[in-house]
Each structure stands twice: as structure tokens, then as C-alpha cells.
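What follows is a set of notes on a single structure, which appears directly below.
The values are calculated or read from the model by the stated rules, or taken from the named source; none is laboratory data. Since the structure is predicted, the reported quantities are computational estimates derived from the model, not experimental observations. Counting neighbours? That spans all protein chains shown, and the Cβs are built from the backbone with ideal geometry, glycine included.
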Amino acid sequence: MPAFETMRALLTQGGHRLSVGRAGVANRASDALDAVSRSLPSLLDSWKAALLGLLTEATQNKLRWHLASIVPRLKLSVPERRRVAEALQSYLDDPSSIVKTCALQGLADLVRQDAALLPEVLDPLRIHSRSGTPAMRARGRNLPLPLEGCGKG
């Protein structure tokens, strides 16, 4: 079984988030990948396909919020950025406030990489930054780019 399939199998297993089984592996692995991706995202290049697949398949909250942070840090092609934007927009409907907040940040990070995504994601960013959970509204006020002026030029 290829390494990325093994990683996918471990990270997508269900169970209680604090269990010592595969769900625990998913939590620890996603924490580690998030930390690595902050400073050296290129180390995850060989895992990009698996991470993109997990982005749409993951059901565990902690894994989803980490993926929403990790994947936009990767070097993505235009089609991959569009796919990620679509997945992150679906995360905005997640019941978890932190998943939604991380998805909001991930969308903003994608727009910083590719201003052509702005028309597609600006309305969801505006709506959730103004009417989402308190965490989403706070994040929306502090997004690292001037959304209104991005893409103009």
C-alpha cells in the first residue's frame, strides 16, 4: 500500500478524538503537520495529493481545522487552488466554530496566493466575517489582506 494511502487510512479513521486508536494518531499527526507547514510547507510537497484528498474526505473536527490551515500553505496549481477554495467554502457550513474559523482564514490565505479567486470567495468571506460565530467575526476583522482592494490593479 502506498505511503499516502496508509496516511489517508490512519487520518480518516473514526473514533473519539481523545482515543488512543487511529483517531488519536490523526490528531497528533495533524498537529505535527500544522506545525511543520507553518515554517517549512515545502516539506509536505510529497504529501500534497493525500492532503488534498483528505481535505474533502475528513470528518473529524480537529483534522478538518488543521487541514483548512495546512493546505492553503502548500504550493498549489490553479486547479488545486480552486478545488481547495470549494472545499473550504463547504467547511463554512460545518457545525464546529473552529472549523469554520480556520476555513475562513484558509480562504483568505488562498486569495493572497491567487487574487483571481477573490470574486468566488469574497461574498462568503464577507458574510461569515460579519454574521458568523464570534470567533469568525474576530478572525474576519484581522484577516491578513485588504479584501476589498485585493485583485484590483
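Within the range 118-133, the set of residues being more than 13 Å from Ala87 (Cβ to Cβ) and in contact (Cβ under 8 Å) with a residue 24 or more places away in the chain comprises Leu118, Pro119, Leu122, His128, Ser129, Gly132, Thr133. Evaluate the following for Arg38: is it modelled with pLDDT of 95 or more and out of contact with any helix residue (DSSP H, G or I) (no Cβ under 6 Å at 6 or more places or on another chain)? For Arg38, the condition - modelled with pLDDT of 95 or more and out of contact with any helix residue (DSSP H, G or I) (no Cβ under 6 Å at 6 or more places or on another chain) - is not met.
On the stretch given as the range 65-85, residues that are under 19 Å from Met136 (Cβ atoms) and either touching a strand residue (DSSP E or B) at 6+ places or on another chain (Cβ under 7 Å) or surrounded by fewer than 24 Cβ atoms within 10 Å (Cβ to Cβ) (or both) total 2.
Against the numbered list (1) in a helix (DSSP H, G or I); (2) more than 12 Å from Leu110 (Cβ to Cβ); (3) not aromatic (Phe, Trp, Tyr), Thr59 comes up short only at (1). If I filter the range 21-32 for residues that are more than 13 Å from the chain's Cα centre (by Cα) and among the hydroxyl-bearing types (Ser, Thr, Tyr), do I get at least one hit? No, the range 21-32 contains no residue that is more than 13 Å from the chain's Cα centre (by Cα) and among the hydroxyl-bearing types (Ser, Thr, Tyr). Screening Leu76 on (1) modelled with pLDDT under 90; (2) not in a helix (DSSP H, G or I) shows it passes everything except condition (1).
Within the range 46-60, being surrounded by fewer than 17 Cβ atoms within 10 Å (Cβ to Cβ) and among the polar types (S, T, N, Q) holds for Ser46, Thr56, Thr59. Applying the condition of being outside any helix (DSSP H, G or I) and under 13 Å from the mean Cα position of the chain (by Cα) to the range 86-145 and asking which residue is nearest to Ala58 (Cα to Cα) yields Asp94.
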